[in-house]
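Each remark here refers to the structure printed beneath this line.
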Amino acid sequence: MSHNSKTPEGARPFLDKESLKELAKTWKAGAQKFEPTHIGGSNYPVNYFADRIEGNHREDETIEHIHGESFIEKVIPNKLKDLKPGQKLKILDNGAGAALFVDQIRAAFDDKVDVYSTGISKRVAQTYRRDHLLPKLKLKDLKWRSISQLKDFPEFDLIIDTWGEQYYRTIGNRKGENLLVDASEYEKHLEQVVKKLLPGGYASLSPILLPSIVKNCLKGLEKRYSFQWGFLGGALKIWKGRNKV
């Protein structure tokens, strides 16, 4: 497992600033339209579950329920076994809400992990944390709005996406329970996830949008990149190497 934290010379962001600006226009609208309402009012223009963690009071909304496995009790401890002394497990929570799960990971593993997160609205997250008497966001929290802003090189051991960017970024609209997924945009997103995983890395994305589209996108990516994938419960798992975790 490689842990070269230096950005390779010549590495560029996945999207340029203008393309990213156009993409960002859809995120807030997607959040308002598709995410079940949990917090509302003038302070929270974006409807989203800001407080998803493992073991919280809403069983069907716990991280371990949504992903079909516990990161705190299983995935992260198993990944830590692969590290050499002095190395840290580098984690990206892609679409982290108010970064409460990031807090939980840091509290559980302290200096064994190096955790970053993206988020649709840092302002909303900061307001939520202030209103709930939580510490301010750390510099690595909601550091970017999108994985698209990151540079094109392998960087993370673990990528977690819980009703995050892969959901808002790729949904066109919804009629009843039928989701219209932008397959081209979804494949671009999955490609970025695959490319940001280090050798031996693992990603878990939930929910699975439409299995047929997911499979077609992954089959296209398999022709260009070396990785494995599968479904567990309601989550898509992607990993590089023989073993998932």
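The values are calculated or read from the model by the stated rules, or taken from the named source; none is laboratory data. Just so you know, these numbers come straight off a predicted model, no measurement behind them. With ideal geometry, Cβ positions are generated from the backbone for all residues, glycine too; neighbour counts draw on all protein chains shown. Just so you know, the surface numbers come from the protein's heavy atoms only, side chains and all, with ligands and any DNA or RNA stripped out. Shrake-Rupley method; radii C 1.70, N 1.55, O 1.52, S 1.80 Å.
Of all residues being of a type in the set (Asp, Glu) and under 18 Å from ALA99 (Cα atoms) in the range 5-58, which is modelled with the highest pLDDT? Just the residue, please. Let's see the steps before the verdict.
If we filter the range 5-58 for residues that are of a type in the set (Asp, Glu), which is where we start, we get 9, 16, 18, 22, 35, 51, 54.
With the extra rule that they be under 18 Å from ALA99 (Cα atoms), the set shrinks to 35, 51, 54.
On the way: GLU35: 47, ASP51: 77, GLU54: 94.
So, considering only residues that are of a type in the set (Asp, Glu) and under 18 Å from ALA99 (Cα atoms), the one modelled with the highest pLDDT is GLU54.
Just one of the numbered conditions (1) open to solvent by 40 Å² or more (accessible area, probe 1.4 Å); (2) at pLDDT 95 or above; (3) not charged (D, E, K, R) is not true of HIS132: (2). Restricting attention to the range 165-174, does a residue exist that is of a type in the set (A, V, I, L, M) and on the phi > 0 side of the Ramachandran plot? No: zero hits. What do you reckon, is ALA96 modelled with pLDDT of 80 or more, under 24 Å from LEU209 (Cβ atoms), open to solvent by less than 20 Å² (accessible area, probe 1.4 Å) and small (Gly, Ala, Ser)? So ALA96 fits the description; yes. Tell me, yes or no, whether the range 99-107 has at least one residue that is at pLDDT 95 or above, of a type outside the set (A, V, I, L, M), outside any loop (DSSP other than H, G, I, E, B) and within 13 Å of the chain's Cα centre (by Cα). Within the range 99-107 (the criterion being at pLDDT 95 or above, of a type outside the set (A, V, I, L, M), outside any loop (DSSP other than H, G, I, E, B) and within 13 Å of the chain's Cα centre (by Cα)), the answer is yes, since at least one residue qualifies. Taking residues in the range 214-235 that are farther than 17 Å from SER204 by Cβ, and partners anywhere that are open to solvent by less than 20 Å² (accessible area, probe 1.4 Å), the pairs with Cβ atoms closer than 8 Å and at least 6 places apart or on different chains are TYR225/VAL194.
Counting just the residues of the range 109-124 that are out of contact with any strand residue (DSSP E or B) (no Cβ under 9 Å at 6 or more places or on another chain) and closer than 26 Å to ASP16 by Cα, which one comes out most open to solvent (accessible area, probe 1.4 Å)?
Kept after step one, since they are out of contact with any strand residue (DSSP E or B) (no Cβ under 9 Å at 6 or more places or on another chain), are these residues of the range 109-124: 110-111, 120-124.
Among the residues that remain, those that are also closer than 26 Å to ASP16 by Cα are: 120-124.
Details: ILE120: 32, SER121: 24, LYS122: 86, ARG123: 135, VAL124: 1 Å².
Among those that are out of contact with any strand residue (DSSP E or B) (no Cβ under 9 Å at 6 or more places or on another chain) and closer than 26 Å to ASP16 by Cα, it is ARG123.
Going residue by residue through the range 151-169, is there one that turns out to be free of Cβ contacts under 8 Å to residues at least 60 places away in the same chain and either assigned to a helix (DSSP H, G or I) or crowded, with 17+ Cβ neighbours inside 10 Å (or both)? Checked the range 151-169: no residue is free of Cβ contacts under 8 Å to residues at least 60 places away in the same chain and either assigned to a helix (DSSP H, G or I) or crowded, with 17+ Cβ neighbours inside 10 Å (or both). Hey, could you check the range 179-222 for residues that are among the basic types (Lys, Arg) and at pLDDT 95 or above and say which is surrounded by the fewest Cβ atoms within 10 Å (Cβ to Cβ)? If we take residues in the range 179-222 being among the basic types (Lys, Arg) and at pLDDT 95 or above, then LYS195 is surrounded by the fewest Cβ atoms within 10 Å (Cβ to Cβ). Looking only at the range 112-129, decide whether some residue is in a loop (DSSP other than H, G, I, E, B), touching a residue at least 60 places away in the same chain (Cβ under 8 Å), more than 12 Å from the chain's Cα centre (by Cα) and over 29 Å from ASP82 (Cα atoms). Yes: the range 112-129 contains one or more residues that are in a loop (DSSP other than H, G, I, E, B), touching a residue at least 60 places away in the same chain (Cβ under 8 Å), more than 12 Å from the chain's Cα centre (by Cα) and over 29 Å from ASP82 (Cα atoms).
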